Amino acid sequence: MSILIKGGTVVTAETETRADVLIQSGLITAVGTGLDVPAGTEVIEAGGCYVMPGGIDPHTHMQLPFMGTVASEDFYTGTAAAMAGGTTTIIDFVIPSPKQSLMEAYHTWRGWAEKSASDYSFHVAVTWWDQTVHDDMGTLVRDHGVNSFKHFMAYKNAIMADDEILYNSFSRALELGAIPTVHAENGELVFQLQKKLVAEGITGPEGHPLSRPPEAEGEAANRAIRLAEVIGVPVYLVHVSAEQALQEIIRARSEGHRVFGEVLAGHLLIDDSVYRHPDWDYAAAHVMSPPFRAPHHQAALWKGLQAGHLQTTATDHCCFCTEQKRMGLDSFAKIPNGTGGVEDRMTVLWTHGVRTGRLTPSEFVAVTSANAARIFNIYPRKGAVQVGADADVVVWDPAASKTISAKTHHQKVDTNIFEGMTVTGLPVVTLSRGVVTWKDGDLRAVAGAGRYIDRPAFAPMFGAVQKAAELRRPTAVPR
Ligand code: URP
Ligand code: ZN
Ligand code: ZN
Ligand code: ZN
């Protein structure tokens, strides 16, 4: 089975070139012009289109059990929707309950994910600490292809990691050559503000952003980054939504620390006015953490992305339907936190990034796939159109247009945070390891076709991290 993608402009994070792409047995085997093509090769015409690496969404939560319910999107429906939007790999999260064995949770999530239509991988959350957690982190890294661990600094009395857990887990991650990631919000402050607001009679969704101010994110971002600096480990901040957190990243990077930031399509485009909408269901549909922010934060996030202070884009795809959101009718603190977007991220980023001149097509590739692949050490198998890479490829028509709506999207949720947004620039063909899974509006995703992606430890940055650690190793004074 071979496929030739013909006549397009191949875009990588580095270059834009007119070239054809030959795909054989799930891999890219040639990129260039005048290629030697085997008889019987299927041809996909890509004239006028860009040919880019399939997107990597490094932050999704398919069928997550959370806040008393389970996210509506499962690993099949979610990865299928992703491919309708040009995303061919997700990195989801194993989230053990406190005291649950990491290995048990990991195998549970692996079982759920067997029906994935696209390739997938897992960050594993560290929500508690003892010797078994320490040991399981080693097993996950050595034997199970995990090279990143997640820490929730929010969600007190549930999965929140305190400073002791952060210290222990970050230190262990460094030993293992794995990267710690954090959800940065001061969970104690959020908890206290939630109680205060409800006591004052603010029980609707407008209480959600009030209980999670940007300062709470800035404080936690600073704390996580400072801990990582002292320990000497790189750190990755998920869903950076506030200028205060971005400033901490900029400060740390300008001082030479390996700190990475992810921004969600939603945080770039949606502001906090949604929480004051008179329709409770509409407002609740936007409840996610950190919340959507005042418009000046969006402007700062766009600049952060353009400047390279933020390296990746994600969605935090975590869908709850209207009925599920209504669990919080009497208190915003009980509204399941999460919003979708795995299908929409690429086109929203193209429309508001490339079409506004904020990003070049190569920069678009960097922030939608290549940078995530590098940070999480699957580059160039993923995130590149080059010989030897997995044939996860999207043929992108920059002139194609649609209006996003929950009525027509493929995501398994009854609302869409981008509802009514007209976007231009869409995938016309998506290939997952050489198989066409989306073509001209026809979704051909197959349950179980996706593969688990092992991510090796000690990404190239760890070479530098270890050299730096060697040079600053403390010494005792000989007396
Ligand atoms: O509101 C959100 N983001 N829900 C999913 C869990 C998380 O914090 O990422
Ligand atoms: Zn195992
Ligand atoms: Zn989070
Ligand atoms: Zn999340």
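Show the residue pairs that are 6+ apart or on different chains and have beta-carbon atoms under 9 Å apart, the first residue being within the range 273-294 and aromatic (Phe, Trp, Tyr) and part of a helix (DSSP H, G or I), the second being at pLDDT 95 or above and within 16 Å of ligand 3 (Cβ to nearest atom).
Pairs that qualify, where the first residue is aromatic (Phe, Trp, Tyr) and part of a helix (DSSP H, G or I) and the partner is at pLDDT 95 or above and within 16 Å of ligand 3 (Cβ to nearest atom), are 275/208; 275/209; 275/286; 275/287; 275/291; 275/292.
Please go through (1) touching a Ser or Thr at 6+ places or on another chain (Cβ under 8 Å); (2) under 28 Å from residue 15 (Cα atoms) for residue 358 and return the number of the only condition it doesn't satisfy.
(1)
Conditions tested, residue by residue: (1) surrounded by fewer than 21 Cβ atoms within 10 Å (Cβ to Cβ); (2) within 16 Å of ligand 4 (Cβ to nearest atom).
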position	(1), (2)
181	no, yes
220	no, yes
223	yes, no
234	no, no
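Residues being within 22 Å of residue 237 (Cα to Cα) and among the basic types (Lys, Arg): count how many of those fall in the range 359-382.
First, the residues of the range 359-382 that are within 22 Å of residue 237 (Cα to Cα): 359, 363-379, 382.
Those still in the list that are among the basic types (Lys, Arg) too: 374, 382.
Within the range 359-382, residues that are within 22 Å of residue 237 (Cα to Cα) and among the basic types (Lys, Arg) number 2.
Inside the range 98-156, can you point out the residues that are polar (S, T, N, Q), part of a strand (DSSP E or B) and more than 16 Å from ligand 3 (Cβ to nearest atom)?
Just the residues of the range 98-156 that are polar (S, T, N, Q), to begin with: 100-101, 108, 116, 118, 121, 127, 131-132, 139, 147-148.
Within this subset, residues satisfying the condition of being part of a strand (DSSP E or B) are 121, 148.
Selection gives 121 alone.
Take the residues in the range 22-72 that are small (Gly, Ala, Ser) and not in a loop (DSSP other than H, G, I, E, B); name whichever of them is surrounded by the fewest Cβ atoms within 10 Å (Cβ to Cβ). Spell out how you get there, then give the answer.
Initial filter on the range 22-72 (small (Gly, Ala, Ser)): 25-26, 30, 32, 34, 39-40, 46-48, 54-55, 68, 71-72.
Now restrict to residues that are not in a loop (DSSP other than H, G, I, E, B): 30, 32, 55.
On the way: 30: 16, 32: 14, 55: 34.
Selected residue: 32.
Out of 277, 352, which single residue is out of contact with any Ser or Thr (no Cβ under 9 Å at 6 or more places or on another chain), surrounded by fewer than 24 Cβ atoms within 10 Å (Cβ to Cβ) and closer than 19 Å to residue 241 by Cα? Full working, then the answer.
Working: 277 fails: closer than 19 Å to residue 241 by Cα.
Result: 352 is the single residue among 277, 352 that is out of contact with any Ser or Thr (no Cβ under 9 Å at 6 or more places or on another chain), surrounded by fewer than 24 Cβ atoms within 10 Å (Cβ to Cβ) and closer than 19 Å to residue 241 by Cα.
For the list (1) within 16 Å of ligand 1 (Cβ to nearest atom); (2) polar (S, T, N, Q); (3) closer than 21 Å to residue 185 by Cα, I need the number of the one condition that residue 324 fails.
(3)
Take residue 326 and decide whether it is surrounded by fewer than 20 Cβ atoms within 10 Å (Cβ to Cβ), of a type in the set (Lys, Arg) and assigned to a helix (DSSP H, G or I).
yes
Name the residue, out of 68, 40, 86, that is over 16 Å from residue 433 (Cβ atoms) and touching a residue at least 60 places away in the same chain (Cβ under 8 Å). Quick ask: steps written out before the conclusion?
Working: 40 fails: touching a residue at least 60 places away in the same chain (Cβ under 8 Å); 86 fails: over 16 Å from residue 433 (Cβ atoms).
Result of the check over 68, 40, 86: 68.
Within the range 296-337, how many residues turn out to be touching a strand residue (DSSP E or B) at 6+ places or on another chain (Cβ under 7 Å) and either at positive phi or without any contact (Cβ under 8 Å) to a residue 40 or more places away in the chain (or both)?
2
Does the range 378-421 hold any residues that are without any contact (Cβ under 8 Å) to a residue 12 or more places away in the chain and of a type in the set (Phe, Trp, Tyr), and which are they?
Result: 379, single match.
Can you name every residue in the range 95-116 that is more than 16 Å from ligand 1 (Cβ to nearest atom), within 30 Å of residue 436 (Cα to Cα) and free of Cβ contacts under 8 Å to residues at least 24 places away in the same chain?
107, 108, 111
Go through the range 422-479 and give me each residue that's buried (at least 16 other Cβ atoms within 10 Å of the Cβ), of a type outside the set (Gly, Ala, Ser) and assigned to a strand (DSSP E or B).
Residues satisfying the conditions are 423, 426, 427, 428, 429, 430, 431, 435, 436, 437, 438.
For the range 137-175, how many residues are at negative phi, among the polar types (S, T, N, Q) and either within 16 Å of ligand 1 (Cβ to nearest atom) or under 20 Å from the mean Cα position of the chain (by Cα) (or both)? Even if it seems obvious, please write down each step before you answer.
Kept after step one, since they are at negative phi, are these residues of the range 137-175: 137-144, 146-154, 156, 158-175.
Going one step further and asking which of them are among the polar types (S, T, N, Q), we end up with 139, 147-148, 168-169, 171.
Narrowing the set further to residues that are either within 16 Å of ligand 1 (Cβ to nearest atom) or under 20 Å from the mean Cα position of the chain (by Cα) (or both) leaves 147-148.
Qualifying residue count, the range 137-175: 2.
Only one of 347, 339, 315 is of a type in the set (Val, Ile, Thr), more than 16 Å from ligand 3 (Cβ to nearest atom) and at pLDDT 95 or above. Can you tell me which? Walk me through it before giving the result.
Details: 339 fails: more than 16 Å from ligand 3 (Cβ to nearest atom); 315 fails: more than 16 Å from ligand 3 (Cβ to nearest atom).
Of 347, 339, 315, the one residue that is of a type in the set (Val, Ile, Thr), more than 16 Å from ligand 3 (Cβ to nearest atom) and at pLDDT 95 or above is 347.
Check whether at least one residue in the range 111-134 is over 30 Å from residue 416 (Cα atoms), of a type in the set (Asp, Glu) and away from ligand 2 (no atom under 16 Å from the Cβ), and report yes or no.
Looking through the range 111-134, at least one residue is over 30 Å from residue 416 (Cα atoms), of a type in the set (Asp, Glu) and away from ligand 2 (no atom under 16 Å from the Cβ).
Take the residues in the range 262-320 that are away from ligand 1 (no atom under 16 Å from the Cβ) and among the aromatic types (Phe, Trp, Tyr), then tell me which one is farthest from the chain's Cα centre (by Cα).
Applying the filter and picking the extreme gives 280.
Looking at the structure I just gave you, is residue 239 closer than 18 Å to residue 312 by Cβ and surrounded by fewer than 21 Cβ atoms within 10 Å (Cβ to Cβ)? Don't jump to the end; show me each part of the working.
Values: closer than 18 Å to residue 312 by Cβ: yes; surrounded by fewer than 21 Cβ atoms within 10 Å (Cβ to Cβ): no.
For residue 239, the condition - closer than 18 Å to residue 312 by Cβ and surrounded by fewer than 21 Cβ atoms within 10 Å (Cβ to Cβ) - is not met.
Let me confirm something: among 92, 119, which residue is within 16 Å of ligand 1 (Cβ to nearest atom), under 29 Å from residue 411 (Cβ atoms) and either surrounded by 24 or more Cβ atoms within 10 Å (Cβ to Cβ) or of a type in the set (Phe, Trp, Tyr) (or both)?
Answer to the check: 92.
Which pairs do you get when a residue that is closer than 19 Å to residue 101 by Cβ and among the aromatic types (Phe, Trp, Tyr), found in the range 137-156, comes within reach of a residue that is more than 11 Å from ligand 2 (Cβ to nearest atom) and part of a strand (DSSP E or B), reach meaning Cβ atoms under 6 angstrom, with the pair 6+ apart or on two chains?
Correct list of pairs: 149/124; 149/180; 152/160; 152/183.
Would you kindly identify the helices (runs of 4 or more DSSP H) lying entirely within the range 157-251 that contain at least 1 residues that are more than 30 Å from residue 472 (Cβ to Cβ), among the acidic types (Asp, Glu) and at pLDDT 95 or above? Walk me through it before giving the result.
Numbers: elements: 163-176, 187-199, 207-211, 214-231.
Output list reads 187-199, 214-231.
The values are calculated or read from the model by the stated rules, or taken from the named source; none is laboratory data. For clarity, every value in this text was computed on a predicted model and none was experimentally measured. Cβ: placed from backbone, ideal geometry, glycine included. Neighbour counts: every protein chain shown.
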